[in-house]
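To keep things clear, I will list the structure first and then write my remarks on it.
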Amino acid sequence: MISINNFKSDLISRSRRKVSILLLGLSFTTFGQCQKKEAEPVHVGSSTPTISNGVLTLKLDLTRGGAICYLSLAGSDRNIVNIHDEGRYIQQSYYAGVRVNRQNEGQSPSWSPWSWNPIQVGDAFGNRARILDFKKGENELYVKCIPMQWDMKNRPAEAEMEQWTTLQGNVLKVKNRLTCHRTDKIYGDSILNDQELPAVYPISALKKLYTYLGNSPFSNETMSNPEVVNLSSGFWGTYQNVSEHWMAFVDDKLWGMGVYNPKCDYFLAGMSGVPDEEALDGSTSYIAPIKKEILYKNSVYEYEYFIIVGSLTEIRKKIYELNRQINP
């Protein structure tokens, strides 16, 4: 089992060491091409599919595994997702097995030893995940990719990631699926790890943190407004009794983004840098619902989460509605 201290060390390292990368020759493949030849380059304009329902506008980045790169109010050009570097966005990332030193195989010295860590966007060397399938509906985007092992140079993971993103009013509903078919013998199996489900990076202009930390969930009791922990203190803030399964970052007018995962009552949240910055700036807010899970070498793991945009009152009201739908 990887301890919470090791998990903290992983996330601290990732947050501090991620740097902006100049991306040249970004590419993707179709399903039939993925194992046969190098990916063909695509134009940026065709690689950010967009949907809007009149309330929200959503974009994915197909040059980065279909990760969520943009979320705004419809008709606005203000992105409330931080995309300063490749460690941000809203994307899938998982941990399995024990940490292994693979530097003789091209593992980054900055990320050694490291566990099996498939990443939706790409690896630490700037190599990107390959798109296997993509579909666009009226209010839904679907993407399937081969993720990259974060610490290894141009080493696709023995897995596929799928993501369904659907707009429903002021709610973004996301279903994530990881299909593992690992053949390695170095990481081990049946090992419990903390998972970010998922990691969400709102802009740091959304700087006030709210949740409910009491023992009477879904009863409209007074919300908690914990002090925002800055990563420079040593780690994100940790919250063990998030009994309504959500946290939100909002601005001075109490408008912003909430993250709801009905599976999780343990969250990490905080800020890196300074408040009042935007999507391309170095500073960012951060929310991650956390759950311990075993990702077996041959397995399918999936979960759903929701992002709600609006006033703090609207965010909590919508989460209550979602909770009634999930737990009638």
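Since every read-out is calculated from the coordinates, none of them should be taken as a lab result. Just so it is clear, the model here is predicted, and its values are computed rather than measured. Note that we place each Cβ from the backbone using ideal geometry, even for glycine, and neighbour counts take in every protein chain shown.
Applying 1/(1 + (r/R0)^6) with R0 = 30 Å to the Cβ-Cβ distance of Ile186 and Thr238, what FRET efficiency is obtained, to the nearest 0.05? Display every interim value, and only then the final one.
Numbers: r = 30 Å, r/R0 = 1.01.
Once the sixth-power term is evaluated, E becomes 0.50.
Helix-only mean residue ellipticity at 222 nm, the chain, DSSP H runs n ≥ 4 weighted -39,500 (n - 2.57), per residue, nearest 500. What is it?
Values: 2 runs with 29 residues, N = 328.
Rounded to the nearest 500, it is -3000 deg cm²/dmol.
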Handout entry: Difference of contour (0.36 nm per residue) and Cα-Cα distance, Lys253 to Lys317
Key = 21.3 nm
Handout entry: the chain - percent relative contact order, Cα under 8 Å, separation 6 or more
Key = 16 percent
Problem - Positive-end residue, segment 4-326 charge dipole about Cα centroid, Cβ charges, pick of Thr48, Phe125, Val98 - result: Val98
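Please state the shape class of segment 175-328: rounded when a/c is under 1.5, otherwise prolate if a/b exceeds b/c and oblate if not, all from the C-alpha gyration tensor. Walk me through the intermediate numbers first.
Numbers: a/c = 2.02, a/b = 1.37, b/c = 1.47.
Since a/c reaches 1.5 but b/c is at least a/b, the shape of segment 175-328 is classed as oblate.
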Fill in the blank from the handout: Classified through the alpha carbon gyration tensor (a ≥ b ≥ c as square roots of its eigenvalues; rounded if a/c is under 1.5, else prolate when a/b is larger than b/c, else oblate), segment 254-320 comes out oblate
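List the relative contact order of segment 250-328 as a percent without decimals, with contacts defined as Cα pairs under 8 Å and 6+ residues apart. Let's see the in-between values first.
Details: 88 pairs, mean separation 30.4, N = 79.
With pairs under 8 Å counted, the relative contact order is 39 percent.
With +1 on the Cβ of every Lys and Arg and -1 on the Cβ of every Asp and Glu, and nothing else charged, how large is the dipole of the chain about its Cα centre, in debye rounded to the nearest 20? Kindly include the intermediate steps, with their values, before the conclusion.
Numbers: 36 positive and 35 negative charges, 108 e Å.
I would put it at about 520 debye.
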